[in-house]
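Undergrad: Shown below is the structure under consideration.
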Amino acid sequence: MSRAFLIIKADAIKQNVRRLFEFSGKPLIAVIKANAYGVGMVQIGKLLESLEEVSSLAVACVEEGIELRKAGIRKKILVLGGVLRGEEKAFLDYELTPVVSHREHLRALEGLNIPFQVKYDTGMGRLGFFEEIIEDPRIEGVLSHMSSPLDREFSIKQIERFRRILSHYRNLKMVHMESSASVPYRLNFTTHIRVGLALYGEKPAPNYPIELIPALELYAKLISVKTLPAGYPVSYSRTYMTSKSTRVGVVAFGYADGLMKSLSNKGKLYYKGRSVSIIGNITMDMTMVDFEDIPAEVGDNVQIVGPNQSFSELAKTAGTIPYELMTNLSSRIERVLC
Ligand SMILES: *Cc1c(COP(=O)(O)O)cnc(C)c1O
């Protein structure tokens, strides 16, 4: 067993898929780019492939799609980042579906029998055509992406723009716009929802109307516990000084594992349900915590994420978003699917 491990609860993910499906009434395009947000792309891909509510998977780039195919995954795979010249053969060979968002992507597909989907920029300011209607018999789907689902007024503008564009298309198999945070819009003209974060039970927005079950728990082992005398500094640059005799635990998890340095002297971890404060600077492989009077021992597990603290909550303390925290989880953390 590794010094740090991420517990992934398959049943919780299955439940979340079911609840997202039931709430929206639409099958899911499960977004598992960036190593499934750090959770483990192949493992999660295989789990999701077995669920009937999941129609397709989506990744960012062709390499991720190839990895899934090589692992034996057969469901439809959308490549959100489009197709560049030189990549088209891989799309053909591995039966990947490009999301075309630029004329250059179309050029890469010239003369090839590859079905594709077309993306529109309705206010995201990232990928997509503005209003240009593409006429091509290979088009099987059209999509757009919301930039600010929590801003209702702006999102409605995006939705209206997308509807206007869609009125020029016929016979589409897939129309999609909602990501995790925008599933509550319950758009009645889309055929699928395109979700990532919500799969893991992380709440994508406050007052989220779907009850999700947390699927992830992150632990690391204590590799030292000792008492420092009063007036003793903790960690690099001595940003923390003990004010009294202090029981300091060293957790085998640092910023190289994904615990942002901004959580130094700020974040909390949990031990048997009790919170322990991070003291001193977080270092590359280790983080110090104040155990106060809690009897913890070397070899015990400290909880970084779990029932007491979600990725979203920890991210908030770190001044970031759960996506960044999760995708920063290092490869030396053991991923345990159970
Ligand atoms: C990453 C991504 C998603 C998934 O977003 P979540 O917030 O994780 O549900 C959906 N659509 C696009 C275009 C994305 O890049």
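Undergrad: To the nearest 0.05, how large is the calculated FRET efficiency for Lys244 and Ile213 if R₀ is 51 Å and r is the Cβ-Cβ distance? Walk me through the numbers before you get to the answer.
TA: On the way: r = 41 Å, r/R0 = 0.80.
Given R0 = 51 Å and the Cβ-Cβ separation, E is 0.80.
Undergrad: Which ³J(HN,Hα) values in Hz, rounded to whole numbers, follow from the phi angles of the range 267-281 under the Karplus curve 6.51 cos²θ - 1.76 cosθ + 1.60, where θ = phi - 60° and Gly and Pro get x?
TA: Once rounded to whole Hz, the list reads x, 10, 10, 10, 10, 6, x, 9, 7, 10, 8, 6, 10, x, 6.
Undergrad: Neighbour counts of other C-beta atoms within 10 Å: give me Leu228, Leu80, Leu20 arranged from fewest to most.
TA: Leu228, Leu80, Leu20
Undergrad: Ordered by residue, what ³J(HN,Hα) values in Hz, to whole numbers, does the range 256-261 give under the Karplus form 6.51 cos²θ - 1.76 cosθ + 1.60, where θ = phi - 60° and Gly and Pro are x?
TA: Once rounded to whole Hz, the list reads 5, 8, x, 8, 4, 4.
Undergrad: What does the charge count near Lys266 come to, summing +1 for each Lys or Arg and -1 for each Asp or Glu among other residues with Cβ under 15 Å from its Cβ? Before the final figure, lay out the partial values.
TA: Details: positive: Lys261, Lys268, Lys316; negative: Asp290, Glu313.
Around Lys266, the surrounding residues sum to +1.
Undergrad: Quote to one decimal, in nm, the extra length available between Glu292 and Ala10 on full extension: 0.36 nm per residue of separation minus the C-alpha distance between them.
TA: So the chain would gain 98.0 nm between Glu292 and Ala10.
Undergrad: I would also like to ask the following. Could you give P(r) for the chain, binned at 10 Å from zero, as whole percent values over all Cα-Cα pairs?
TA: 6, 24, 28, 21, 13, 7, 2, 0
Undergrad: Within 12 Å, Cβ to Cβ, of Leu166, how many net charges do the neighbouring residues add up to if Lys/Arg are +1 and Asp/Glu are -1?
TA: Details: positive: Arg161, Arg163, Arg164, Arg170; negative: Glu131, Glu160.
That sum, taken over residues with Cβ under 12 Å, equals +2.
Undergrad: Moving on. As an exercise, use a Förster radius of 41 Å and the Cβ-Cβ distance of His102 and Val336 to find the FRET efficiency, rounded to the nearest 0.05. It would help to have the intermediate numbers written out before the result.
TA: On the way: r = 40 Å, r/R0 = 0.98.
With a Förster radius of 41 Å, E is 0.55.
Undergrad: May I pose another question? Whose amide H sits under 5 Å from the amide H of Val302, counting only residues 5 or more places off or on another chain, with H placed in the peptide plane?
TA: Ala220, Lys221, Leu222
Undergrad: Still on this model: Please state the charge dipole magnitude for the chain, taken about the Cα centre, from unit charges on C-beta atoms (+1 on K and R, -1 on D and E), reported in debye and rounded to the nearest 20.
TA: In debye, rounded to 20, the chain gives about 360.
Undergrad: Farthest toward the dipole's positive end in the chain, which of Val62, Ile8, Val248, given Cβ charges of +1 (Lys, Arg) and -1 (Asp, Glu) about the Cα centre?
TA: Highest projection toward the positive end goes to Val248.
Undergrad: Past 22 Å, Cα to Cα, is the threshold; run Lys119/Lys203; Lys33/Lys203; Lys14/Lys316 against it and keep the listed order.
TA: Long pairs (Cα-Cα over 22 Å): Lys119/Lys203; Lys14/Lys316.
Undergrad: Against the longest alpha carbon principal axis of the chain, how many degrees, from 0 to 90 and to the nearest 10, is the axis of helix 10-24 turned?
TA: 40
Undergrad: So what's the angle, to the nearest 10 degrees on a 0 to 90 scale, between helix 152-166 and the longest Cα principal axis of the chain?
TA: Value to nearest ten degrees: 30.
Readers should treat all values here as calculations from the given coordinates under stated rules, not as data from a laboratory. All values derive from a computational prediction rather than experimental measurement. Using ideal geometry, Cβ is built from the backbone for each residue, glycine included, and neighbour counts are taken over all protein chains shown.
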